[in-house]
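Input: a single structure, listed below in structure tokens.
The values are calculated or read from the model by the stated rules, or taken from the named source; none is laboratory data. This one's a predicted model, so the numbers in the text were calculated from it and none came from an experiment. A quick note on method: Cβ atoms are made from the backbone with ideal geometry, for glycine too, and the neighbour counts reach across all protein chains shown. Heads up: the accessible areas ignore ligands, DNA and RNA and are worked out on the full protein's heavy atoms, side chains in. Shrake-Rupley method; radii C 1.70, N 1.55, O 1.52, S 1.80 Å.
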Amino acid sequence: MTTTENHTSNARLEAFNEKLAGKNWSGQWEAEKYLMASIGGPQPAGVPHRWGWAETKEALDEATDVLGTVDTARRHLTCVNPGLKDRGAITTHNLAAGFQLVKSGEICWSHRHSPGALRFVTQGHPEAYTAVDGEKLVMEDFDLLLTPRFSWHDHHNPSDKDVYWLDALDVGLLQKLGALFYEPYGEDSQKLRPSTSEWVGTRSHWLRPTWEEERTTRLPLRYAWSDVRERLALYGNEVGSPYDGLALRYANPVTGGPTMDTIDCWVQRLVPGFSGKTHRRTSSAVVYVIAGNGTLETDNGTITFQAGDVISLPNWTNFRWTNASASDEVLLFSVHDIPAYQRLGLLYEEPEAIIGATPAPANPTPPLKPLYAQGAFYGKDER
Ligand SMILES: [Fe+2]
């Protein structure tokens with residue numbers, strides 16, 4: 001008989017445990033089962049799940065009938081993880097993501113909150129915009145907009161078309177931290193700064209004011225999709241990571257660090273025929289499929305995805321991306337709580353460290369010859 005079996009059959013111990021509980025105590029021996037369950041790592045919170053765009057759009061359109069235009073600050077549908085329903089409206093244990101619809105002519109009134117938020121525009125318009133701390137961020141297809149924690153934000157759609165986007169927030173994390181704050185502005189629209197020279201985006205450029213200390217966090221930024229496409233094209237046919245494909249992070253342009261304090265955003269390209277390696281990390285993610293079709297194999301089965309889908313990827317869950325197409329690439333936009341884990345020293349990956357683990361490209365060897373020696377600047381006779 002083991003010690004544990006002896007304890008569980010020990011009537012005196014059970015009575016003692018009850019006595020302790022009555023006095024608001026708990027013996028360490030009661031926690032042993034939780035420690036044993038964590039051998040090899042944490043239990044994943046929630047399950048991998050896919051939300052299809054057709055169903056989501058249908059529900060959003062129905063919401064316009066049910067809620068009208070001014071009954072709610074936000075006509076947003078959160079993707080609720082089927083394995084986390086008892087924890088509220090969250091998509092992974094730390095992240096809440098879902099779609100929002102703003103109809104033609106609508107304004108979603110201004111407010112701010114401690115959860116950091118972002119918008120990834122799935123059906124935008126050049127006239128639609130989100131105002132963030134007095135700055136006007138245009139919402140065109142596949143643009144990424146940041147509304148960092150405690151920044152005032154209101155959404156405007158003066159165009160003649162409905163606009164849709166994916167919202168993502170670190171609300172699950174802040175719930176656990178007991179750090180939820182919320183404040184309405186009191187008016188539909190906040191006041192806009194009179195000049196673009198006052199915008200943080202303007203002043204965070206590679207030409208920066210010399211007379212002021214740079215702001216490094218809580219940047220209300222727009223990452224235009226046109227710029228992202230240009231950057232992706234620079235990589236040619238490069239496959240990128242054998243695990244995540246060509247995964248590029250939306251960097252904080254001042255620090256080069258994470259997109260926001262607790263959230264990283266990536267654009268991922270899986271080249272035709274990509275067959276990724278299985279891996280897992282302590283962080284979780286929410287993924288939006290911009291283009292293409294493929295599969296995500298996980299510990300909980302295989303998800304077949306297509307453009308417009310949203311997928312939850314719980315912590316410490318093995319997963320593997322594939323793009324079976326011989327001709328079409330897969331493009332993904334993904335939201336990660338990686339920075340929160342990095343700051344706590346808790347980002348672990350298996351089977352090997354992947355993020356930031358590979359050295360930057362070395363200088364070509366043998367060293368490049370000066371360009372003039374190749375006749376690039378001078379003719380041979382002029383050397
Ligand atoms: Fe908000």
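Things to note:
- Anisotropy class of region 149-302 from Cα gyration tensor, a/c 1.5 cut: prolate
- Karplus-derived 3J(HN,Hα), 6.51/-1.76/1.60, for each residue of region 206-223, Hz, glycine and proline x: 6, 10, 10, x, 7, 8, 9, 6, 6, 7, 10, 10, 6, 8, x, 10, 10, 9
- Taking every C-alpha pair closer than 8 Å and separated by at least 6 residues, the mean separation divided by the residue count of the chain gives a relative contact order of 15 percent.
- Peptides ranked, highest mean first, by Cβ atoms within 10 Å: ranges 131-138, 84-91: 131-138, 84-91
- Each of the peptides 11-17, 143-149, 153-159 was scored by the mean count of other Cβ atoms within 10 Å over its residues; in descending order, highest first, they stand as 143-149, 153-159, 11-17.
- Angle between the chain longest axis and helix 225-234 axis [Cα atoms, degrees, rounded to 10]: 80 degrees
- Diffusion of region 49-196 by Stokes-Einstein, at 25 °C in a medium of 0.890 mPa s and with Rh set to the Kirkwood radius over alpha-carbon pairs, works out to 156 µm²/s.
- Over 29 Å between alpha carbons, listed pairs LYS57/LYS191; LYS57/LYS277; LYS103/LYS136: LYS57/LYS191; LYS57/LYS277
- Using alpha-carbon coordinates, inclination of helix 11-22 to the longest axis of the chain, degrees: 60 degrees
- Under conditions of 20 °C and 1.002 mPa s, the chain yields 91 µm² s⁻¹ as its translational diffusion coefficient, taking Rh as the Kirkwood radius over Cα pairs in the Stokes-Einstein equation.
- Highest to lowest packing among 52-60, 260-268, scored as the average C-beta count within 10 Å: 260-268, 52-60
- Under 5 Å between amide hydrogens, built in the peptide plane, is the criterion, and for ASN318 it picks out ASP299 among residues at least 5 positions away or on other chains.
- Percent RCO, i.e. relative contact order, over region 49-196, from Cα pairs under 8 Å lying at least 6 residues apart: 27 percent
- Residues in the chain average 53 Å² of solvent-accessible surface per residue, probe 1.4 Å, ligands and nucleic acids excluded.
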